[in-house]
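Below is one structure; the comments refer to it alone.
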Amino acid sequence: MRLLEFQGKELLSAYGIKILKGLLIEKADDALNLPFPCVLKAQVPVGGRGKAGAIASVDGPEQAVTAARRILAATVKGWPVSALLAEQLAPAGREIYLSLLVDGRSGDPVILASAKGGMDIEETARQDPDAVLRRPIDPFLGVRDYDVRAIARHIGTNAKKLSPVLQSLWVLFRSADASLVEINPLLETDTEFLALDAKIILDNPAGFRHGEDFKRLSAEAARLDTRPRTASERLAEAGGITYVPLQGDVGLIADGAGTGMLTLDLIHSEGGSAANFCEMGGLANAPTMCETLRMVLADDRLRVVVVSLIGGMTRMDDMAQGVLDYLKTPGVRQIPLVVRMCGTKADVGIPMLREAGVAVFEDLVSAVREAVKPAGRK
């Protein structure tokens, strides 16, 4: 779950990282009674708000209401703006980039730091690779004094001054089960550090460890997310299935995230374009398979669906039965299905599908190639 800025800042503040005073407003008229001057910032989980005109400095009530109406009517990278964070103006200072995230290759935490804050970190790294320090953190030891000194030296600040921020960042990262905590920019004044922005991503599967706090954040973000949903997205949300819409015409269903990502890459490498990423989880059964097909096929862009299954805890005869149950349902949309099936009870599931005329393969590459052909790519 990616938190909105105001949620992320609440979390930063709870762990001892200083933020500016702010107020969430959802109606333009609420801007009449703000403490001026202040800044109005669109609350959407994407970057580029400034370039989209979704951030405005205001000096008085009339200007604030006009700006609030304009921003609340805007859309930033496909996200309608439903709320604004009204925040006091930042003092003078130096902008720094600081983040703690999970390394995609090693799975270990790593701190990224740069004296060039306020900029897109990927662009900074591309233009000046030496400007970004990448500091691996031992997950058992946490942020040590030598880590603090190395980071402080790189960004040109005092280690004792920076240490509380880095230690708080680490405690938040571990305690909240975050996969990313990014502060860009982190403002350094003569006396302190202030988080001027916050990008925090929490691990959804770990949400049960955080009880009502996680539920509150999730419900809050969902309430402010007013994007129009496709039929497939609405069904996915109702059924609790992972579903990410994409731009292509090849539907994808997998029984695990790893299998799904591999299949997604193969679709692309074979010249196809995926319409979605959908994974049912490792304990799917026949009703789940049937419902997932119904959900994915609610997207009328699809020309073909590739179902990528590898039986571990999931039984392939159950998956085959789910496919057959869908095909036998009166009135459902039927387009070419290509199934890759191997593992537990595949020797039972494969003949079940072949008897029904479904294209089924044990080899994933062959299945993807067969699926891409009906989509008109090869």
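Observations on the model:
- Largest-first ellipsoid semi-axes for the range 257-353, taking √(5λ) over the Cα gyration tensor eigenvalues, angstrom: 20, 18, 11
- Highest-fluctuation residue, VAL110, VAL332, VAL305 considered, GNM on the chain with Cα pairs under 10 Å: VAL332
- Near LYS345, the amide H atoms lying under 5 Å from its own belong to MET316; only residues 5 or more places off or on other chains count, and H is placed 1.01 Å from N.
- C-alpha long axis of helix 5-14 to longest principal axis of the chain, angle in °: 60 degrees
- With all protein chains in place and a 1.4 Å probe, the accessible surface of the range 136-186 carries 53 percent carbon and sulfur.
- For the pair the range 268-297 / the range 118-156, the C-alpha centres are spaced 39 Å from each other.
- The GluC sites (Glu not before Pro) of the range 280-366 meeting both criteria, a DSSP state outside H, G, I, E and B (loop) and at most 16 other C-beta atoms within 10 angstrom of the site's C-beta, are GLU362.
- Full-extension gain in nm, ASP108 to THR242, via 0.36 nm per residue minus C-alpha separation: 45.8 nm
- Residues considered: GLY272, GLY322, GLY258. Largest GNM mean-square fluctuation over the chain, using C-alpha springs under 10 Å, is found at GLY258.
- Charge dipole of the range 295-336 about the Cα centre (unit charges at C-beta), most positive-ward option of TYR326, SER308, ALA298: ALA298
- Exceeding the 32 Å Cα-Cα cut-off - candidates LYS77/LYS328; LYS51/LYS160; LYS328/LYS373; LYS18/LYS77: LYS77/LYS328; LYS51/LYS160
- The chain, relative contact order [Cα under 8 Å, separation at least 6], %: 13 percent
- Fraction of the pair-distance distribution of the range 309-376 above 20 Å, Cα-Cα pairs, percent: 27 percent
- Rounded percent of accessible protein surface that carbon and sulfur make up, the range 279-378, 1.4 Å probe: 50 percent
- Accessible surface of the range 1-73 [probe 1.4 Å, protein heavy atoms]: carbon and sulfur percent: 52 percent
- Using the alpha-carbon positions of the range 9-89, Rg (one decimal) and Dmax (whole number) come out as 12.4, 36 Å.
- Rounded accessible area per residue of the chain, 1.4 Å, Å²: 48 Å²
- For the chain, modelled as a GNM whose springs connect Cα atoms under 10 angstrom apart, the maximal fluctuation among PRO80, PRO35, PRO129 occurs at PRO129.
- Remark: relative contact order (the range 285-353) = 44 percent; criterion is Cα-Cα distance under 8 angstrom and separation of 6 or more residues.
- Gap separating the Cα centres of the range 303-378 and the range 47-89, nearest whole Å: 48 Å
- One decimal place: the segment ARG149-ARG209 gains 18.3 nm when fully extended, by the rule 0.36 nm per residue minus the C-alpha distance.
- Of the three principal axes defined by the Cα atoms of the chain, the extents in descending order read 75, 51, 41 Å.
The values are calculated or read from the model by the stated rules, or taken from the named source; none is laboratory data. Predicted model, so just to flag it, every value in this text is computed and none were measured. For neighbour counting, all protein chains shown are included, and Cβ atoms are generated from backbone atoms with ideal geometry for every residue, glycine included. Each accessible area value is taken on the protein alone, full model and side chains, heavy atoms only, with ligands, DNA and RNA left out. Shrake-Rupley method; radii C 1.70, N 1.55, O 1.52, S 1.80 Å.
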